[in-house]
Amino acid sequence: MPRTGLLQLSMLAAILVPVAASAETTIVVSSWAPPTHTINANVWPAWAGMVEKATGGRVRVKIEYGLAPPPAQFDIILDGAADATWMFHGYNPGRFVATQLVELPGNTAGAEAVSAAYWQVHERYLSAADEHRGVKLIGLTAHGPGHLHTREPVAALDEVEGLKIRVGGGVSSDIAERLGIIGVNVPAPQVYETVASGVADGVLMPMETKQSFRLAEVAPYTLELPGGFYNGSFAFIMNQDTFDSLSPEDQEALMSVSGIELSKLAGRAWEKADEEGVEFAIGEGNTFTLADEAVIAEFRDRTEDIRQTVIERIDGLGIDAEAALADLQALSAHPD
């Protein structure tokens, strides 16, 4: 081949190599908790590795912080300001109703089992409400049982009446109302200063927050209920256009490590984080009080109508809520 031909081929190769390298897709994840929080430190990195492996390196994941406050996460994904996020349903009152099914207290299964069951029940029942319309749902999870963490000791429910307690919304707000609590609605990243400043007397949150949101420092007393006062519902979502821009092969690969797999991954992380949160709080000298039978019975009496209220809300969406709840409980108790 003439030298000029070789030169032309070399130039063409030099042009094509950068094009091929830029063909990979980077999914920008918007996150809102501290980088040390288990979702950011463990779940997103693990999922990123799974996605990269499943797609042969064609799809990668990058986490960005501070793109929007927690209540705005759904909308920034809907608008395309970021490609993916995790969101707490309770921050959007009235927007998510079917998801309240998993928030009901009393499920004593672990977060991994509950999260896996949640995904399956959503696929079978709750998806009919189409509450995540406009975005691609890639996972669902419920954190561990939410307990009462306070500035001062609390051992009985009559002691919480009139207290200002941070709640996240959804069923936890219903619970607070039945217990005579004055609900303080602030996103999780603001709980430390809210309690430290005395704006709130305590919080309803899972054990992992003792460490992740530094509650061990400002709310050293915890009242525990079997199954918790409530459970928190979260979704992992993607911008629909971003998902659609992937090749069919990469869409299938991404979903093969999402759905129930991502849900279980998050559930395992919550469980481990709760254990670490308790260990950390004990090391900080925190006090844990397990509710006695009288407190448990009183809690059930004062909140028993919430179950029916949630059932009726979901029935109103055209979903058989009783069947969905029965499946959620059965699948949680006997995971695959």
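Taken together, the values in this text are just the output of simple stated rules run on the coordinates, not laboratory data. Fair warning: this is a prediction, and the values are worked out from it, not measured in the lab. Cβ: placed from backbone, ideal geometry, glycine included. Neighbour counts: every protein chain shown.
Please work out whether region 45-134 counts as rounded, prolate or oblate from its C-alpha gyration tensor, where a ≥ b ≥ c are the square roots of the eigenvalues and a/c under 1.5 means rounded, while otherwise a/b larger than b/c means prolate and anything else oblate? Mind dumping the intermediate values first?
On the way: a/c = 1.86, a/b = 1.29, b/c = 1.44.
Note, shape of region 45-134 comes out oblate.
If we sort 239-246, 261-268 on the protection proxy, mean other Cβ atoms within 10 Å, highest first, what's the order? Show your work: numbers first, answer last.
Details: 239-246: 16.0, 261-268: 24.0.
Result, highest mean Cβ count within 10 Å first: 261-268, 239-246.
Name the shape class, rounded, prolate or oblate, that the alpha-carbon gyration tensor gives for region 297-336, where a ≥ b ≥ c are the square roots of its eigenvalues, rounded holds for a/c under 1.5, and otherwise prolate holds if a/b is larger than b/c and oblate otherwise.
It is oblate, given that a/c is not under 1.5 and a/b is not larger than b/c.
Calculated from DSSP H runs of 4 or more alone, at -39500 (n - 2.57) each and per residue, what is the 222 nm mean residue ellipticity of the chain, nearest 500? The partial results should precede the final answer.
Working: 13 runs with 148 residues, N = 336.
After summing the helix terms and dividing by the residues of the chain, the value is -13500 deg cm²/dmol.
If the limit is 24 Å between Cα atoms, which of 136/272; 164/210; 53/264; 164/264 go over it?
136/272; 164/264
Could you line up 55, 287 from fewest to most neighbouring Cβ atoms inside 10 Å? If you can, show how the numbers build up before the last one.
On the way: 55 22, 287 11.
Sorted ascending by nearby Cβ count, the order is 287, 55.
Would you please put 100-111, 247-258 in order of how densely packed they are, using the mean number of other Cβ atoms within 10 angstrom per residue and starting with the highest? Walk me through the intermediate numbers first.
Values: 100-111: 22.5, 247-258: 16.5.
The packing order, highest mean first, is 100-111, 247-258.
Which one, 84, 170, 306, projects farthest toward the positive side of the charge dipole computed for the chain from Cβ point charges (K/R +1, D/E -1)?
About the Cα centre, the residue reaching furthest to the positive side is 84.
Taking only complete DSSP H runs, can you tell me which helices of the chain stretch 30 Å or more along their own long axis by Cα positions and average at least -0.5 on the Kyte-Doolittle scale?
Working: long enough: 260-283 (35 Å, -0.23); 293-315 (32 Å, -0.63).
Those that pass (Cα extent of 30 Å or more, hydropathy at least -0.5) are 260-283.
Let a ≥ b ≥ c be the square roots of the eigenvalues of the Cα gyration tensor of region 189-336; is it rounded (a/c under 1.5), or, if not, prolate (a/b larger than b/c) or oblate?
Values: a/c = 2.05, a/b = 1.34, b/c = 1.53.
Verdict is oblate for region 189-336.
Place a point 7 Å from the Cα of residue 247 along the Cα-to-Cβ direction; which residues of region 58-93 have their backbone N under 11 Å from it?
58-59
According to a simple spin-label model (label point 7 Å from Cα along Cα-to-Cβ), what is the distance in nm between residue 323 and residue 133?
For the pair residue 133/residue 323, the computed spacing is 2.2 nm.
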